[in-house]
Amino acid sequence: MNSKIVIVSPAHPLRGGIATSTERLAVELQKTGHSVSIYSYSLQYPAFLFPGKTQFTSDPAPLGSDGHPLNIVTCINSVNPLSWFTTGLKIAAEQPEQVIVRFWLPFMGPALGTLLRVVRARMRTRVTGLVDNIIPHEKRPGDRLFAKYFTGACDDFLVMSKSVGEEIRLFSDKPVVFSPHPLYDNYGELLDKHSARQILGIPAEARIALFFGFIRHYKGLDIFLRALAEAPHVHALVAGECYEDWAPYQQIIDENSLHDRVHVVSDFIPSSQVSQYFSAADIVVQPYRSATQSGISQIAYHFGLPMIVSNTGGLPEIVTDKVSGYVVNPDEKSVSEALNDFFENDRGDTMRRGVQQEKERFTWDKMVRRLTGKAAKSDLLPQPE
């Protein structure tokens, strides 16, 4: 019997991968007959935690599987305890059979842990933590305390990389299910490559490697730029808002005379334009110094693009080396060798076929089954000894 499900997560008009994937999850839950509400944030980050230009998107409100706008309730203020209590009461009033809570930053632990305890004080319901990260890439005081407070309010967890599942074991011995991040299949269809390059003003015949998404040190854009010096026939398309000082990256470009081969769009890319960048590229590069799972990989899978990823976190779980791309060390030598091998040996067609084969692992219906209690024993991560 299908049920009422509440998702607590960023959602429209907030922007970003978590909001987009939550909306896509809600649509899939609706397709299977569930009634879904999303409780989102009126204030997600205070200014000191958000280095970007804006937290909001100009994209239209997302539609559900019935063609009507998704039911998104904007009410959680991450720094206002009164909103945590009132949101908990609103959720409890809906009497959901399950509450699914996105957790990606310990800063949200007090808000989420409190509103979940309010819900549970009013009714019995299953609370599932859908955990993107439990220990952040950039650590701050209180991270572990806040994460433990959140995990204590959950009955079970779903993670999209096994490394996050292992980290949850630092805080909880409750069941943890592993389900890889599904495809981002809501960014439109693949465009003609030459047309996409014309739109973006990129040379039609260039060998294009794409670095996509917001820019921070741990994502390794500097590694990619230095690798270009050893891959002299490759162009870089860098698309995403820089969340830190751009000067060190510009210095690498200047020192290596990369001006003609590095094409930068230093802004947040609206959903309606994402297809242009992936359609213009030959391969996607993710030289991350640290990682859990990556939504960028799942956009690449959707558009049929091979990837170069670091052998860190959950990335090797997503990309199969020499099949759907390359799994390399996060250093310029390894990245340049992969770039040269891909282009000099014409690996594109073979690896695109590998991408098509591999993408079958990343369907939304598999995640929905695992989230709603239909996980196989093989999906459960080991309990702590």
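Only the coordinates and a few stated rules stand behind these numbers; no lab work does. Just so it is clear, the model here is predicted, and its values are computed rather than measured. Counting neighbours? That spans all protein chains shown, and the Cβs are built from the backbone with ideal geometry, glycine included.
Which of the GluC sites (Glu not before Pro) found in segment 138-230 are loop residues per DSSP with 12 or fewer other Cβ atoms within 10 Å of their Cβ?
For GluC sites (Glu not before Pro) across segment 138-230 that sit outside H, G, I, E and B with at most 12 neighbouring Cβ atoms in 10 Å, the list reads E138, E189, E205.
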Worksheet item: So, by mean Cβ neighbours within 10 angstrom, what's the order for 288-294, 172-178 with the highest one leading?
Response: 288-294, 172-178
Discussion item. Could you give each residue of segment 207-224 its phi-based ³J(HN,Hα) in whole Hz, using Karplus coefficients 6.51, -1.76, 1.60 with θ = phi - 60°, and x for Gly or Pro?
Written reply: 8, 10, 10, 9, 10, 10, x, 4, 10, 9, 3, 5, 7, x, 4, 4, 4, 4
Worksheet item: Put +1 on the Cβ of every Lys and Arg and -1 on every Asp and Glu Cβ in segment 74-231; which of S161, I215, A111 then has its Cα farthest towards the positive end of the dipole?
Response: A111
Worksheet entry | Nearest 10 degrees, 0 to 90: helix 17-31 Cα axis against the chain principal axis | 60
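Sort segment 22-127 into rounded, prolate or oblate with this rule: let a ≥ b ≥ c be the square roots of the eigenvalues of the Cα gyration tensor; rounded if a/c is under 1.5, and if a/c is not under 1.5, prolate when a/b is larger than b/c, oblate otherwise. Working shown, then result.
Numbers: a/c = 2.06, a/b = 1.07, b/c = 1.93.
Oblate.
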Practice prompt. Please name whichever of I299, V127, V234 sits farthest to the positive end of the charge dipole of the chain, dipole taken about the Cα centre and charges placed at Cβ: Lys and Arg +1, Asp and Glu -1.
Written response: V127
Fill in: Dipole in debye (nearest 20) - the chain, about Cα centre, beta carbon charges: Lys, Arg +1; Asp, Glu -1
1620
Worksheet item: Taking every DSSP beta bridge that has both residues in segment 193-361, what percent is antiparallel when rounded to the nearest 5?
Response: 0
Worksheet entry | DSSP-defined antiparallel bridges as percent of all bridges, the chain, nearest 5 | 5
Discussion item. Compute the helix-to-body angle for 81-94: its Cα long axis versus the longest principal axis of the chain, expressed 0 to 90° and rounded to tens.
Written reply: 70
Worksheet entry | Computed E for K174/S65 - FRET, C-beta separation, R0 35 angstrom, nearest 0.05 | 0.70
Worksheet, complete the sentence: Per its Cα gyration tensor (rounded if a/c is under 1.5, else prolate when a/b beats b/c, else oblate), segment 193-361 is best filed as rounded
Worksheet item: In percent, how large is the relative contact order of segment 193-361, given Cα pairs closer than 8 Å and 6 or more residues apart?
Response: 24
Worksheet entry | Centroid-to-centroid separation of segment 321-385 and segment 12-83 [C-alpha atoms, Å] | 27
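Taking the highest mean first, how do the peptides 124-132, 142-150 order by number of other beta carbon atoms within 10 angstrom per residue? Don't jump to the answer; show the numbers that get you there.
Working: 124-132: 20.3, 142-150: 18.2.
Result, highest mean first: 124-132, 142-150.
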Discussion item. So for the chain, averaging the separation of alpha carbon pairs under 8 Å that are six or more residues apart and normalising by length, what relative contact order in percent results?
Written reply: 14
Worksheet, complete the sentence: For segment 148-155, in residue order, the Karplus 3J(HN,Hα) values (coefficients 6.51, -1.76, 1.60; θ = phi - 60°; whole Hz; Gly and Pro = x) are 5, 4, 5, 4, x, 9, 9, 8
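Taking only DSSP H segments of four or more residues, each worth -39500 (n - 2.57), what value at 222 nm results for the chain once the sum is divided by all its residues, to the nearest 500 deg cm²/dmol?
Details: 14 runs with 136 residues, N = 385.
Here the helix-only value at 222 nm equals -10500 deg cm²/dmol.
Return the equivalent ellipsoid semi-axes of the chain as a descending list in whole Å, where each equals the square root of 5 times an eigenvalue of the C-alpha gyration tensor. Can you show the working numbers first?
Numbers: eigenvalues 262, 90, 85 Å².
Computed over the chain, the values are 36, 21, 21 Å.
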